[in-house]
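Structure, as structure tokens:
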Amino acid sequence: MIAFTDVYYQYEPEGITALHDVSLEIAEGEHLALIGPNGCGKTTLLQHINALLLPGQGTVTIDGMDTGAEANHGAIRSRVGMVFQNPENQIVGMTVAEDTAFGPENLCLPPAEIRERVARALEKTGIADLASRNVETLSGGEKRLVAIAGVLAMRPRYIAFDEPTAFLDPAAARRILEVIDKLYGEGIGIIHVTHNMAEAALASRVVVLNRGHISLAGTPEEIFSRIDILKEIGLQLPPAAELMLMLKETGLAVRTDIVRMEDAVCEIHSLFNKIKKG
Ligand code: ATP
């Protein structure tokens, strides 16, 4: 489990408090979406998870290991993988396979195990066919998959994603989300920072950060029913929830606790069937 206890963080002595009294537990095997307006502290929180930043006050522990103890950093970073918003920041190899092998090579693992880890990571991210490609020649979406493969080759228990689909076209974004869902299905804890409410609705739990403080936490259905608070913070609803509210306002008897588009489609389908039957 990842545990934040009463965490405060300030970038500069006189600066704003980027994290303010944050207490949060993230279990292995859950998919947590972290949402909030620009500058509310999402990336700052994420960087505490693998000890890139250390709390000014309070503690962050990863499976019981305190990030404040430097001796724990190696073990923490092999448990928590980080996929940055810009994949260029973490790609170091010339080819896809070389890049994916970088982490396991640094662990000085036997060559056969490195090959096995690279093959599995490329297979899980669906880019085995790109193994010998020069990374520079890849699309933005493919580069993100390479970054994920590199993280997976380290066999992490948790992966933190910072805006994993930002600036991608819908097909590339879908591919990334499918990989995230597959990893979640395998029991890896996912911490997913996003501005996209439809993506947040796919998570098992949503945490809303505002001005460095957690203002809401709950299931997507619970969070996206708190319309007044979300509006006050400046956050929108997922398109499916917006659509259901609009249909309700026109007088149609639809459920308004729907947050995912596939559920909205089912609801509208069954409504039309009822109307047809009279
Ligand atoms: P966004 O959604 O825009 O990416 P965010 O929610 O991830 O933002 P952070 O990047 O964590 O927010 O920033 C939180 C606050 O800390 C902001 O006010 C930001 O200006 C400030 N901040 C972030 N990085 C630094 C830094 N290196 N030095 C000083 N202040 C910083």
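For the stretch 163-221, a residue qualifies if it is under 21 Å from MET82 (Cα atoms), assigned to a loop (DSSP other than H, G, I, E, B) and open to solvent by less than 50 Å² (accessible area, probe 1.4 Å), and the qualifying residues are GLU163, PRO164, THR165, ALA166, LEU168, GLY187, ILE188, THR194, ALA203, SER204, GLY212. Within the stretch 42-57, can one find any residue that is on the phi > 0 side of the Ramachandran plot, touching a residue at least 12 places away in the same chain (Cβ under 8 Å) and open to solvent by 30 Å² or more (accessible area, probe 1.4 Å)? No.
Quick check: is even one residue across the stretch 267-274 of a type outside the set (A, V, I, L, M, F, W, C), under 18 Å from the mean Cα position of the chain (by Cα) and farther than 19 Å from CYS40 by Cα? No, the conditions are met nowhere in the stretch 267-274. Output yes when any residue across the stretch 144-153 is touching a residue at least 24 places away in the same chain (Cβ under 8 Å), over 28 Å from THR43 (Cβ atoms) and among the β-branched types (Val, Ile, Thr), and no when none is. No, that holds for no residue.
LYS274: part of a helix (DSSP H, G or I), over 17 Å from ALA198 (Cα atoms) and basic (Lys, Arg), yes or no? Yes: the conditions hold for LYS274.
Report the residue count in the stretch 4-61 for those that are within 22 Å of VAL208 (Cβ to Cβ) and of a type in the set (Asp, Glu). The total comes to 4. Scanning the stretch 258-278 for residues that are loosely packed, with under 14 Cβ neighbours inside 10 Å and not polar (S, T, N, Q) yields GLU262, VAL265, CYS266, HIS269, PHE272, LYS274, ILE275, LYS276, LYS277, GLY278. Of everything listed in (1) over 22 Å from LEU235 (Cα atoms); (2) touching a residue at least 40 places away in the same chain (Cβ under 8 Å), the single unmet condition for LEU19 is (1). Scanning the stretch 20-41 for residues that are open to solvent by 10 Å² or more (accessible area, probe 1.4 Å), hydrophobic (A, V, I, L, M, F, W, C) and more than 15 Å from the ligand (Cβ to nearest atom) returns a single hit, ALA27.
Just so you know, in the stretch 58-70 the residues that are of a type in the set (Gly, Ala, Ser) and in contact with a strand residue (DSSP E or B) (Cβ under 9 Å, 6 or more places away or on another chain) include one that is least open to solvent (accessible area, probe 1.4 Å), and it is GLY58. GLY234 falls short of the stated requirement of being within 16 Å of the ligand (Cβ to nearest atom) and in contact with a Leu (Cβ under 6 Å, 6 or more places away or on another chain).
What about ALA75, is it modelled with pLDDT of 95 or more, more than 16 Å from the ligand (Cβ to nearest atom), out of contact with any Phe, Trp or Tyr (no Cβ under 6 Å at 6 or more places or on another chain) and under 22 Å from ARG155 (Cα atoms)? Considered against the rule, which asks whether it is modelled with pLDDT of 95 or more, more than 16 Å from the ligand (Cβ to nearest atom), out of contact with any Phe, Trp or Tyr (no Cβ under 6 Å at 6 or more places or on another chain) and under 22 Å from ARG155 (Cα atoms), ALA75 comes out as no. Within the stretch 94-130, count every residue that is part of a loop (DSSP other than H, G, I, E, B) and open to solvent by 30 Å² or more (accessible area, probe 1.4 Å). Qualifying residue count for the region: 6.
A single member of LEU235, LEU252 is in a loop (DSSP other than H, G, I, E, B), modelled with pLDDT of 95 or more and open to solvent by 20 Å² or more (accessible area, probe 1.4 Å), and it is LEU235.
The values are calculated or read from the model by the stated rules, or taken from the named source; none is laboratory data. In this text the structure is predicted, and so the values were computed from the model without any measurement. Reconstructed Cβ throughout: ideal geometry from the backbone, glycine too, with neighbour counts over all protein chains shown. For accessibility, only protein heavy atoms count, side chains too; no ligands or nucleic acids. Shrake-Rupley method; radii C 1.70, N 1.55, O 1.52, S 1.80 Å.
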